[in-house]
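Report on one structure; see the data block that follows.
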Amino acid sequence: MESVTIREARDHADYDACVSLQRAVWGLADLEITSAIQLVATVHAGGLLLVADSPREGVVGFCYAFAALRGGEPHLHSDMLGVRSDARGHGLGARLKWAQREAALRHGLGLVTWTFDPMRAPNARLNLHHLGAEVIELLPDFYGATTSPLHHGLPTDRLLGRWDLASPRVVARAAGEAPPKPPGAPLAYDVEWHDGQPVPLPLRRDLDGPRLLVEVPADWDAVCRADAALAAAWQAAVRAALSTYLAQGYAAVDFLDCVEGERRRPRYVLQRSGVGG
């Protein structure tokens, strides 16, 4: 995928391609798709629409952000990042985000925010581990019920990522430096295994150390397909852990791919404000 070019949208064909990608990536009904007309208007007013353009396949991915003022600080809010299924696994999502950072900095902006599903380990890994964003806020059922099959009919909980573009951590990630491995930390809840499926145990609410870990399933879609009740229990456990400890001054600052035997056990790293690392 080295031949794919990341560039700003420049004509109506680009905008139409991004509408088609919304259908392909999220399976949304037309009522919930951001139209080409809205994309044009948003970009004209100061938003940013980047596309991943393949010389043979055309537009295979995009990243869309609009101008925002939440908290009184001018910034970009990145509303959508999507890559066609057959173009995934080549780092296009990361390339689109780094290009978004460069464009924001050129326009004098130091912050990009976006929301993401806390249950999806690959997204959390990209956002926190590779890009250097952090999270201090959970938004329960942010979008309400949607038509996307990716949401499995569950509440649309979201984490709000903050990407401070000139922070030392983000600058280091942009330069290709690997994040330091955090010291060991306790789990906010342990996990038991039943019939090959991970099951979260009750939340520990007494943790007060500098760091703690919040585990999520390695394959969220597989859990949702296998057992709807277990999926709901997992979502409730993650929501309780993150909302409890974010409210106590922790921030999600990294995401680890932990492996125990043959089991992948991905975990958020939560760290108290003011703790180094």
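The values are calculated or read from the model by the stated rules, or taken from the named source; none is laboratory data. For clarity, every value in this text was computed on a predicted model and none was experimentally measured. Here the Cβ positions follow ideal geometry from the backbone for every residue, glycine too, while neighbour counts run over all protein chains shown.
A few comments on the model shown:
- When residue 63 is tested against (1) under 22 Å from the mean Cα position of the chain (by Cα); (2) on the phi < 0 side of the Ramachandran plot; (3) in contact (Cβ under 8 Å) with a residue 40 or more places away in the chain, only condition (3) is not met.
- Verdict on residue 214 being under 15 Å from residue 124 (Cα atoms), of a type in the set (Val, Ile, Thr) and not assigned by TED's automatic domain parsing to the domain that holds residue 129: yes
- Region 157-169 residues that are within 24 Å of residue 233 (Cβ to Cβ), paired with ones that are of a type in the set (Phe, Trp, Tyr) and surrounded by fewer than 17 Cβ atoms within 10 Å (Cβ to Cβ) (beta carbon under 6 Å, 6 or more apart): 158/142
- Selection count where residues are surrounded by 12 or more Cβ atoms within 10 Å (Cβ to Cβ) and either more than 20 Å from residue 119 (Cβ to Cβ) or among the small types (Gly, Ala, Ser) (or both), scope region 250-277: 6
- Subset of region 50-73 [part of a loop (DSSP other than H, G, I, E, B), under 14 Å from residue 163 (Cα atoms) and in contact with a helix residue (DSSP H, G or I) (Cβ under 9 Å, 6 or more places away or on another chain)]: none
- Residue 125 under 24 Å from residue 237 (Cβ atoms), of a type outside the set (A, V, I, L, M, F, W, C), assigned by TED's automatic domain parsing to the domain that holds residue 47 and modelled with pLDDT of 95 or more: yes
- Residue list for region 55-69, filter: surrounded by fewer than 17 Cβ atoms within 10 Å (Cβ to Cβ) and at pLDDT 95 or above: 58, 67, 69
- In region 74-81, the count of residues that are surrounded by fewer than 16 Cβ atoms within 10 Å (Cβ to Cβ), on the phi > 0 side of the Ramachandran plot and either in contact with a strand residue (DSSP E or B) (Cβ under 9 Å, 6 or more places away or on another chain) or in a helix (DSSP H, G or I) (or both) is zero.
- Residue check, residue 109 on the phi < 0 side of the Ramachandran plot, aliphatic (A, V, I, L, M) and surrounded by 17 or more Cβ atoms within 10 Å (Cβ to Cβ): yes
- Residue among 87, 45, 41, 24 that is under 19 Å from residue 108 (Cα atoms) and among the aliphatic types (A, V, I, L, M): 45
- The one condition in (1) modelled with pLDDT under 95; (2) outside any loop (DSSP other than H, G, I, E, B); (3) touching a Leu at 6+ places or on another chain (Cβ under 9 Å) that residue 1 fails to fulfil: (2)
- Of all residues in region 196-223, exactly one satisfies the criterion of being more than 14 Å from residue 255 (Cβ to Cβ), buried (at least 17 other Cβ atoms within 10 Å of the Cβ), touching a residue at least 40 places away in the same chain (Cβ under 8 Å) and in contact with a Pro (Cβ under 9 Å, 6 or more places away or on another chain), namely 198.
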